[in-house]
Amino acid sequence: MTEKTIPTLNFKEKAEELLPEGASFEACLTCGLCSSGCPASGIENMDPRKFIRMAMLGMDKELSTSKWIWACTQCKRCQHVCPMSIDISQLVFLARSNWPREKKPAGIVRSCQLIQSTDSTSAMGLPPEDFVFVVQDVLEEVREQQPKFKNMQAPMDKKGAHFFVNQNSREPMSEPDEMVPLWKIFDIVGANWTYSSKAWAAENFCMFSGNEEAWREVIKKRVDAVNELGCEVWLNTECGHSYYTMWNGINRFGMKADFKLESLVTYYARWIREGKLPVNSDWNRKNITFTVQDPCMIVRKAYGESIAEDMRFVTKSLVGEENFIDMQPNRSANYCCGGGGGFLQAGMTEHRRTYGKRKFDQIAATGASYVLTPCHNCHSQIEDIGHHYRGSYGVVHFWTLICLSLGILGENERTYLGPDLLECI
Amino acid sequence: MSEEDRHFSAELAVIGTGLAGFAASIFALKRNIKTAQVGNTGAVAYTTGYLDLLGSLAPDYLASIEDPWQGIEQLRDSHPRHPLCRIPKDDIFTAFEQFTSFLGKCGIAYTPPGEFNVSGLTPAGTLKPTLCVPATMQVGSAAFSQKEPCVIIDFKGLKGFSSRQVVANLKDRWPKLSSKRVEFPDMVSGEIYPEVMARSLEVPATREKLAKILASAAGDVKVIGLPAILGMHAPDLVREELEQLTGLQIFEIPTMPPSVPGIRLREMFEQLFPQKGVTLIPQQKVDRLVFIENGAQLSLNDSFGPISIHAKSVILATGRFLSGGLKAGVDGVSEPLLKLPVTQPDSRREWYREKYTDRRGHAVNSAGIEVDSSFRPLDNHGRPYSKNLFAAGVILAHQDWIRGRCGAGVAIATAYKAVEEVEKLLK
Ligand SMILES: Cc1cc2nc3c(=O)[nH]c(=O)nc-3n(C[C@H](O)[C@H](O)[C@H](O)COP(=O)(O)OP(=O)(O)OC[C@H]3O[C@@H](n4cnc5c(N)ncnc54)[C@H](O)[C@@H]3O)c2cc1C
Ligand code: SF4
Ligand code: SF4
Ligand code: SF4
């Protein structure tokens with residue numbers, strides 16, 4: 001077999017087709033704000049300003065083959081700080097699409113293939129029947145062992161449910177007990193919800209692999225599944241890119257979706273405000289400190305300030321206002337953790353950790369004992385850089401802390417609690 | 001997909017998030033005016049951190065002036081239409097006072113306005129006349145005037161700041177000045193941005209490591225100057241701790257853009273305004289502005305969809321060419337949002353003098369919109385465009401802030417005046 005080569009893209013031409021008026025590369029002032037604020041700057045000797053300069057100079061061959069495009073997480077922070085609103089991530093997406101499949105980082109390609117391989121759309125390839133089985137199995141166990149929840153439901157394919165809830169594959173696949181806290185929360189607030197046996201999975205690496213057709217297919221399956229069950233709200237679990245790829249995909253591919261896309265965080269906040277989730281911070285007698293990671297996929301790239309505000313409201317309600325320390329910078333200006341864009345799947349460990357050093361510094365500066373984040377990738381990456389750079393913090397999901405505060409966190413649901421939090425139960 | 005439009009209402013909508021826009025929101029907060037603000041990254045992210053009132057005088061902009069207040073008096077005779085001449089001196093003073101004390105309360109301490117300009121050090125090793133300086137830079141001006149022994153330190157891999165250049169240019173006026181280059185702790189090799197260093201200095205462990213390096217670089221000298229990297233979010237604290245750890249006096253010198261002091265200001269505003277009740281929609285531009293009875297309707301889009309704002313009054317603080325408040329085209333200079341008439345040279349040929357570096361500046365850099373005595377923009381007939389519309393900042397005509405070194409002065413003083421007029425209107 002002959003070795004495939006990467007074709008050369010004409011970046012300047014593509015940019016002109018792609019970018020809205022006024023956001024073209026020609027408007028670049030070469031001010032460097034983007035590079036200064038990009039955690040991928042310097043990796044593979046590239047940075048966003050340099051990328052633009054090279055595109056303008058027609059250095060297409062170099063750009064087409066630069067590995068840096070796999071280190072840029074498409075977090076759009078560069079655009080956020082750019083006075084001209086220049087969006088480099090779109091070109092990065094193009095450049096990724098341009099690589100022959102054999103050359104792309106195998107981990108991302110494989111994740112996308114697995115997503116396409118079953119009706120589950122699961123990046124771990126978990127087929128629908130296995131998902132149904134695991135949910136049922138775990139549910140039965142909880143009903144038996146936790147009397148408070150002996151009538152708890154985890155509905156499957158329930159037509160007309162208000163919420164269609166998706167699920168990150170990592171839980172049913174490798175830590176099934178982590179699904180339980182969320183079910184308990186639904187139980188307490190009396191939510192009318194359902195899982196679906198089809199298109200239940202959250203993750204979507206097809207976008208990151210630069211495979212637009214596959215991305216479209218995945219979104220199509222998911223949209224169809226929600227439409228079929230007639231749910232009003234597609235409620236996205238604690239996962240960042242699953243929201244963005246769905247929301248952005250529906251718009252991009254002009255799909256008809258008869259439902260709203262919402263994030264769990266918004267509902268946590270709403271239920272707490274409405275008194276349906278009676279959480280408080282009384283349990284935190286030792287004043288354990290927390291910070292939050294704003295996932296760029298739902299904050300900067302989607303909802304913006306409103307969800308950032310909700311996250312803070314939920315966090316403060318859970319841990320006590322005085323025990324919350326914001327990272328700097330935060331909200332829409334936050335740094336991507338370096339786990340996004342398929343980085344965790346791409347096998348470029350050293351680069352990923354270099355990128356993550358900024359996140360590590362941000363967390364270390366807060367001095368907080370725990371990072372709360374509603375994103376699976378952020379969670380994994382922040383844990384990894386914590387170990388790598390010898391940090392001493394833990395990372396927890398919101399659902400864990402909500403159930404902890406409500407005094408309903410089961411024995412098997414405490415994986416992410418350190419000794420200090422375990423003592424508070 | 002079902003989407004909801006987001007709608008906000010406010011007494012005042014500030015368009016622009018440069019110094020003028022931010023200053024306007026500060027003054028509005030002080031007067032309890034309910035405010036919404038929209039804007040993209042403005043020139044504020046590029047500033048040195050120095051707040052200039054007036055540094056040199058037209059027509060030749062030759063010598064730096066020591067007394068900006070007297071300078072404004074002179075301007076009144078020579079350039080009565082300069083925006084600074086249309087505001088009482090006491091108001092300008094109060095504006096600077098309120099602005100700097102707000103910054104101080106929010107964690108970035110500044111020197112208050114005084115009677116005279118101070119000399120700010122620049123990365124080129126020159127001195128710049130300015131009115132207020134960040135507390136982190138204050139020691140530098142003092143050390144210079146005392147000519148104390150001092151080491152300027154720079155870092156391997158950092159572009160946009162060279163201690164040797166600073167020293168080379170200052171040496172004849174500051175004989176006991178010397179330079180050193182050191183390595184910043186725990187940085188991967190290659191180009192390092194000041195922003196990255198500043199953020200990593202927010203981590204106590206990095207400060208401890210850097211303190212050891214600085215102490216050894218200083219030798220017997222007791223005062224050191226660093227590029228502006230002393231933290232992003234809590235610069236005064238970072239400096240204080242480094243001083244304690246090293247036993248030295250430490251000050252910052254601005255670097256070339258993108259520099260930390262500007263980013264500090266922008267991030268601080270973006271974070272604090274929402275907490276203080278301003279509806280801030282950062283990093284977006286207003287697409288459409290229409291005036292309706294008793295107010296205005298602003299339309300824009302963020303990544304999530306359409307947003308509309310209804311406001312009883314509007315301050316237009318959209319800056320000049322860099323920020324898009326004015327547009328230069330083949331037919332001349334225009335104001336894109338409302339198509340306000342722009343005062344400008346008669347033809348494109350008169351925009352620039354022959355030599356780009358001509359000290360007298362270029363005519364196009366005094367282009368801008370006209371306002372009445374209440375800072376209401378004028379329409380084609382010389383009448384206020386709307387009784388609810390005001391303007392502030394460098395979008396105003398008859399000033400060349402680059403040559404006159406009056407960027408912050410024009411922005412802050414006119415914002416103060418515009419908000420005062422807004423308050424009158426709302427009453
Ligand atoms: C490189 C550089 C260095 C400088 N250094 C100094 C210094 O050391 N000291 C000093 O005193 N001054 C300095 N200045 C000048 C100072 O920053 C400016 O004078 C001042 O920021 C002008 O303020 P402004 O708010 O009027 O305009 P700008 O700062 O230009 O802000 C205009 C704002 O309007 C926004 N805008 C435009 N169109 C729209 C729209 N349609 N909708 C919404 N928003 C819109 C822009 O996004 C921007 O936020 C410097 C400027 C530059 C460029
Ligand atoms: S921030 Fe924007 S204008 Fe500045 S160099 Fe980057 S892309 Fe160009
Ligand atoms: S999208 Fe994020 S990672 Fe990529 S260049 Fe922009 S800031 Fe850097
Ligand atoms: S992993 Fe988190 S921070 Fe990184 S891109 Fe995804 S959502 Fe953003």
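A few remarks follow.
- Virtual spin-label span in nm between residue A:157 and residue A:274, 7 Å along Cα→Cβ: 2.9 nm
- Each other residue within a Cβ distance under 14 Å of residue A:285 adds +1 if Lys or Arg and -1 if Asp or Glu, for a net charge of -3.
- When +1 charges are put on Lys and Arg Cβ atoms and -1 charges on Asp and Glu Cβ atoms, the dipole computed for segment A:274-334 relative to its Cα centre reaches about 180 debye.
- Carbon/sulfur fraction of accessible area - segment B:123-253, other protein chains in place, 1.4 Å, %: 51 percent
- Contour minus Cα-Cα distance for residue A:56 and residue A:260 (0.36 nm per residue): 69.4 nm
- Charge context of residue B:167, other residues only, Cβ under 13 angstrom, K/R +1, D/E -1: +4
- Taking the longest Cα principal axis of chain B as reference, the axis of helix B:204-218 is set at about 60 degrees.
- Portion, in percent, of the accessible area of segment A:276-422 that falls on carbon or sulfur, probe 1.4 Å: 46 percent
- Selection among B:412, A:320, B:187 by position relative to the dipole of the protein assembly as shown gives B:412 as farthest towards the positive end (Cβ unit charges, Cα centre).
- Surrounding net charge for residue A:195, when Lys and Arg each add one and Asp and Glu each subtract one, Cβ distance under 9 Å: 0
- Antiparallel DSSP beta bridges within segment B:185-307, percent to nearest 5: 65 percent
- By accessible area, using a 1.4 Å probe on protein heavy atoms only, segment A:84-235 has 48% of its surface on carbon and sulfur.
- Given +1 at the Cβ of Lys and Arg, -1 at the Cβ of Asp and Glu and no other charges, the dipole of segment A:276-422 around its Cα centre is 300 debye to the nearest 20.
- Residue separation of residue B:244 and residue B:77 scaled by 0.36 nm, minus their Cα-Cα distance, works out to 55.1 nm of gained length.
- Interface area, chains A and B: about 3100 Å² of buried accessible surface, summed, with a 1.4 Å probe and ligands, DNA and RNA left out.
- Shape call, segment B:383-427: gyration tensor on alpha carbons, a/c limit 1.5: oblate
- The label point for residue B:293 and the one for residue B:212, both projected 7 Å from the Cα toward the Cβ, are 7.4 nm apart.
- Per residue, the solvent-accessible area of segment A:66-168 (1.4 Å probe, heavy atoms of protein chains only, all protein chains present) comes to 40 Å².
- Sites residue A:392 and residue A:117, calculated FRET efficiency, Cβ-Cβ separation with R0 56 Å, nearest 0.05: 0.90
- Computed from the C-beta positions of residue B:351 and residue A:16, the FRET efficiency with R₀ = 22 Å rounds to 0.20.
- Mean separation of Cα contacts under 8 Å, 6 or more apart, over the residue count of segment B:293-405: relative contact order %: 24 percent
- Inter-label distance for residue A:325 and residue B:191, nm, one decimal - labels placed 7 Å from Cα along Cα-to-Cβ: 3.3 nm
- For segment B:256-278, a drop of 50 Å² or more in accessible area on going from the chain alone to the assembled protein chains (1.4 Å probe) is found at B:258, B:271.
- Residue among A:281, B:362, B:223 farthest towards the positive dipole end of the protein assembly as shown, charges placed on Cβ: B:362
- Under 5 Å, built H, 5+ apart or other chain: amide partners of residue B:120: B:128, B:130
- When shorter helices are ignored and each DSSP H run of at least 4 residues is given -39500 (n - 2.57), the per-residue value for chain B at 222 nm works out to -10000 deg cm²/dmol.
- Per residue, the average separation of C-alpha pairs within less than 8 Å and at least 6 apart gives segment B:123-253 a relative contact order of 30 percent.
- Take residue B:5: with every protein chain present and a 1.4 Å probe, its accessible area is about 120 Å².
- Residue order for B:67, A:87, B:172 - accessible surface, 1.4 angstrom probe, largest first: B:172, B:67, A:87
- In this Cβ point-charge picture (+1 for Lys and Arg, -1 for Asp and Glu), the protein assembly as shown has a dipole of about 1740 debye about its Cα centre.
- Placing unit charges on the Cβ atoms of the charged side chains and taking the dipole of the protein assembly as shown about its Cα centre, the candidate lying farthest along the positive direction among A:298, A:366, B:381 is B:381.
- Whether segment A:205-267 is rounded, prolate or oblate, judged on the alpha carbon gyration tensor where a/c under 1.5 counts as rounded: oblate
- Share antiparallel - DSSP beta bridges, chain B, percent rounded to 5: 45 percent
- Counting only DSSP beta bridges whose two residues both lie in the protein assembly as shown, roughly 35 percent are antiparallel.
- With all protein chains kept in place, the per residue accessible area of segment B:175-281 amounts to 38 square angstrom at a probe of 1.4 angstrom.
- Shape analysis of segment A:262-319 places it in the oblate category; the axes a ≥ b ≥ c from the Cα gyration tensor give an a/c of at least 1.5, with a/b not above b/c.
- Helix B:19-30 vs. chain B, principal-axis angle (Cα, 0 to 90°, nearest 10): 80 degrees
- Measuring against 22 Å, Cα to Cα, the residue pairs A:76/A:316; B:105/B:276; A:12/A:76; B:34/B:285; A:104/A:221 contain A:76/A:316; A:104/A:221 as the ones spanning a longer distance.
- Theoretical FRET efficiency, 1/(1+(r/R0)^6), r = Cβ-Cβ of residue B:222 and residue A:425, R0 56 Å, to 0.05: 0.55
- Relative contact order for chain B, counting Cα pairs under 8 Å that sit 6 or more residues apart, in percent: 24 percent
- Residue-averaged 222 nm ellipticity for chain A, from DSSP H runs of 4+ at -39500 (n - 2.57), nearest 500: -13000 deg cm²/dmol
The values are calculated or read from the model by the stated rules, or taken from the named source; none is laboratory data. Remember, predicted model here, so these are calculated numbers, not experimental data. Note: ideal-geometry Cβ built from the backbone for every residue, glycine included; neighbour counts use all protein chains shown. Remember, those area values only see protein heavy atoms, side chains included, never the ligands or the DNA or RNA. Shrake-Rupley method; radii C 1.70, N 1.55, O 1.52, S 1.80 Å.
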